[in-house]
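Enquirer: Take this structure, written in structure tokens, and hold onto it; I'll ask about it next.
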Amino acid sequence: MRFRCPMMNIWMTSVAAVWGMACSDPDDEPNIVRDADLDTIPPDVETGPLDDDAEPDTEPIDGDPQEPDVKDSEPDIGDVDPPPPPPNCTPVSTQFTPPRQLKIATYNLQNLFDENNDDCSKDYDAAQGWNSGNVQKKLSNLARVIADIDADVIGINEVETYEILQKLRDTIIAQGGPEYPYIAYAEGHYKTDYTCQVDIGLMSRYPLLPHQKEPSGRVEPLKGQYQCASGGELYASTQETRPALYAELDLDNDCRGDMIFLVNHWIGKNNAPIFGCTPEDRHKRSAQVIKNWVNSYIDQDSSRPVIIMGDLNSYEDDPELDTFATTDRNSLTELRQLYNIWGEFDLSTPQNATNSTYYYQAGSLWGRLDHIILTANLLLENSPAQWRLQPQSAETFHPSYVLNGGIPFEFNQYRKTGYSDHLPLIIQLERSSE
């Protein structure tokens, strides 16, 4: 594959409060806003097959990272400002009843390619067994899963383009599933042979801020200076190839922004070190950046929950996540704390489809790579938030048809069978009676 454009951007129809990487591609859509001040990172080099989506790493080419003047000029990670609030908006014209319950899911679709043979894909390639028939079958199969989940909001990992996400939405409706009038989408990585498939998105029954023609949301680069345990260092301008997608949900159609969603897809655990920093170091840096954002959001409005979701390529007890979000609900005392909903499961039992989302074929091991992480204002009794986590609502989605031999029935482009190599993860929230 060639890359269409080594860039970071977001597909939007409004230019307000959106950033993207500069790109000279003449074929870019006119509604892409670019920011030439963001730094680019070249593609990485893959090092092993054990991760579900390991991607390659190399150092940036914009200067020697060891130069003292570069390092000394970079701000500390704690000095990186959180994203600004969305611009003003007007309520949507579509009438709906504000919900009392909210079902939320996250789902890694396993390389939902489109059918176009563009500059960044092996999708429309007969030699690779991918063609328009594959696209339609995979769309139909995934639509069945998502329709059966029937979530109000669903975070998406591994979708190639905004257009194929629209087709998935249309297929869900055609198969009797829920309508998702609102989509947030981020084309947020550097297009390489190994990363063309890892865009992220979010589909919602309810409006997303700012109210505008879809898609909404915005890309937030995960970057900041970080001293790695190995002695290496990540510089403030060294951003991850996969950013976060920021979206605000407006459940009351009042432009207030009732919940913040941060959809993520972190790099694989088996990637090569960069600047002497391991993938775990990079995960820790991403977690710290997000935690700083969360602290700022809760300080600004402690009644507004933040929900972090996606394939983080880390287990709930890995150091980068264990120190970021607790699975011990009883340890929550402050609204800014983060709770990993895997704490709702019995983690002492053997892992299987009922309590995990991914199965490493090579190692015959289950793993909890997909996560939904909540701010404690969704759980604490004295919280000013209107919403609470519904007891015993956390679950994986594992009907027999998405399993093959008891493990995720991944899609096979030659047989046109299967769904994804991940299982969806689901929670439900309920509005308090106050």
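Enquirer: May I ask for the Rg/Rh ratio of the stretch 91-431, computed from Cα atoms with Rh as the Kirkwood radius, given to two decimals? Mind showing how you got there, number by number?
Expert: Details: Rg = 19.2 Å, Rh = 20.4 Å.
Looking at the stretch 91-431, the ratio lands at 0.94.
Enquirer: Could you list Val289, Val263 so that the one with the fewest beta carbons within 10 Å of its beta carbon is first and the one with the most is last? Walk me through the intermediate numbers first.
Expert: Details: Val289 23, Val263 27.
Ordered by Cβ neighbours within 10 Å, fewest first: Val289, Val263.
Enquirer: Take the residue pairs Lys137/Lys416; Lys138/Lys269; Lys269/Lys291 and return only those whose Cα atoms are more than 18 Å apart.
Expert: Working: Lys137/Lys416 6 Å; Lys138/Lys269 27 Å; Lys269/Lys291 21 Å.
Violating the 18 Å Cα-Cα cut-off are Lys138/Lys269; Lys269/Lys291.
Enquirer: What order do you get for Asp170, Asp250 when you list them from fewest to most C-beta neighbours inside 10 Å?
Expert: Working: Asp170 14, Asp250 24.
So the residues, fewest neighbours to most, are Asp170, Asp250.
Enquirer: Can I ask one more? So for each of 359-365, 369-375, 334-340 I average, over its residues, the number of other beta carbons within 10 Å; can you give me the resulting order with the highest mean first? Could the numbers behind the result be given before it?
Expert: Values: 359-365: 12.7, 369-375: 25.7, 334-340: 18.9.
Ranked by mean Cβ neighbours within 10 Å, highest first: 369-375, 334-340, 359-365.
Enquirer: To continue, here is another question. Rounding to the nearest 20 debye, state how big the charge dipole of the stretch 233-283 is about its Cα centre with +1 on each Lys and Arg Cβ and -1 on each Asp and Glu Cβ.
Expert: Working: 4 positive and 9 negative charges, 74 e Å.
For this selection, approximately 360 debye.
Enquirer: What ranking do Arg431, Arg368 get, fewest neighbouring Cβ atoms within 10 angstrom at the top? Intermediate values should be presented prior to the final figure.
Expert: Values: Arg431 16, Arg368 24.
In order of increasing Cβ crowding within 10 Å: Arg431, Arg368.
Any read-out appearing in this document is the output of simple, stated calculations on the displayed coordinates, not a laboratory observation. Just so it is clear, the structure is predicted and the values come from calculations on it, not from any experiment. Methodologically, a virtual Cβ is constructed for each residue, glycine included, from the backbone with ideal geometry; neighbour enumeration extends over all protein chains shown.
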